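K.L.:
Structure provided below as structure tokens; questions to follow.
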Amino acid sequence: MTESSPPNGRYFWYTVLVAGVFFAALAPTLRWPELTGGNENIVIQTALEMRRGGPWLIPNMLGEPRVKKPPLVAWITALTLRQSTLDRMEDPLTREQAYRELAWQVRWTGLLSACVTIVSTFFLGRVLFDARTGWVAALVVSSTILFQKYMRQSTSDVHLAMWVTIANVFLVMALVRGRLWVGWTGGGCSNGDGIFM
């Protein structure tokens, strides 16, 4: 390593900085796109039904149990909704502003999940190779068009990408680094294909 090369720890902070810049840059835009996406509308409709008295354990959409997708994203989305926003959605005079607030409330957790995916990608590259590779991998992930398009939406896919990346970090720790207990336990707990995702 040359003297001008940053130590390994600084690559982590560079990655956190990139994720933070993405969050800060995209957070103000979360209210802009209309809530018209298919998967996003399913998540929002389910969360709204939960907040309006529907069941929480097995959420419903349009009165029918929503069992095709596990409920974690619906639970998270329902918890982010403010009652005052839901009340203002019923009033024609405040409905437009309430929908902009709704867009922020349901989308910020997706953006946060995407930013955690950037940092998790750094760790995946670091565990497989080294911190510099992890930094490059995080930059590649954060610069892809599909990632930038979907990281602003409240969809199951954004949350799933985060949990799968975290699970992969732990599984690689077990398989490549021999840290079996931490790797298998962490991989099992964060498995994005499990019951809740």
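K.L.:
Name the residue that is surrounded by the most Cβ atoms within 10 Å (Cβ to Cβ), counting only residues in region 23-59 that are acidic (Asp, Glu) and assigned to a helix (DSSP H, G or I).
P.N.:
GLU40
K.L.:
For region 12-66, name all the residues that are within 27 Å of LEU124 (Cβ to Cβ) and free of Cβ contacts under 8 Å to residues at least 40 places away in the same chain.
P.N.:
Passing the criteria: TRP13, LEU17, VAL21, ALA24, ALA25.
K.L.:
In the list VAL136, VAL119, VAL127, which residue meets the criterion of being more than 21 Å from the chain's Cα centre (by Cα), under 21 Å from VAL169 (Cα atoms), at pLDDT 85 or above and not basic (Lys, Arg)?
P.N.:
That would be VAL127, the only listed residue that is more than 21 Å from the chain's Cα centre (by Cα), under 21 Å from VAL169 (Cα atoms), at pLDDT 85 or above and not basic (Lys, Arg).
K.L.:
Residue under question is ARG152, and the condition is that it be in contact with a Pro (Cβ under 8 Å, 6 or more places away or on another chain) and not polar (S, T, N, Q); does it hold?
P.N.:
Against the criterion (in contact with a Pro (Cβ under 8 Å, 6 or more places away or on another chain) and not polar (S, T, N, Q)), ARG152 qualifies.
K.L.:
Working only within region 161-190, note down all residues that are under 21 Å from LEU111 (Cβ atoms), aliphatic (A, V, I, L, M) and in contact (Cβ under 8 Å) with a residue 40 or more places away in the chain.
P.N.:
Those that are under 21 Å from LEU111 (Cβ atoms), aliphatic (A, V, I, L, M) and in contact (Cβ under 8 Å) with a residue 40 or more places away in the chain: ALA161, MET162, ILE166, VAL169.
K.L.:
Could you list, in sequence order, the residues of region 37-69 that are over 19 Å from the mean Cα position of the chain (by Cα) and of a type in the set (S, T, N, Q)?
P.N.:
ASN60
K.L.:
Can you pull out the helices (runs of 4 or more DSSP H) entirely within region 88-165 that have at least 1 residues that are of a type in the set (Asp, Glu)?
P.N.:
95-128
K.L.:
Output the number of the condition that ASP157 fails; it satisfies all remaining conditions of (1) over 15 Å from ILE76 (Cβ atoms); (2) surrounded by fewer than 21 Cβ atoms within 10 Å (Cβ to Cβ); (3) touching a residue at least 60 places away in the same chain (Cβ under 8 Å).
P.N.:
(1)
The values are calculated or read from the model by the stated rules, or taken from the named source; none is laboratory data. If you're wondering where the values come from, they're calculated on a predicted model, not measured in any experiment. A quick note on method: Cβ atoms are made from the backbone with ideal geometry, for glycine too, and the neighbour counts reach across all protein chains shown.
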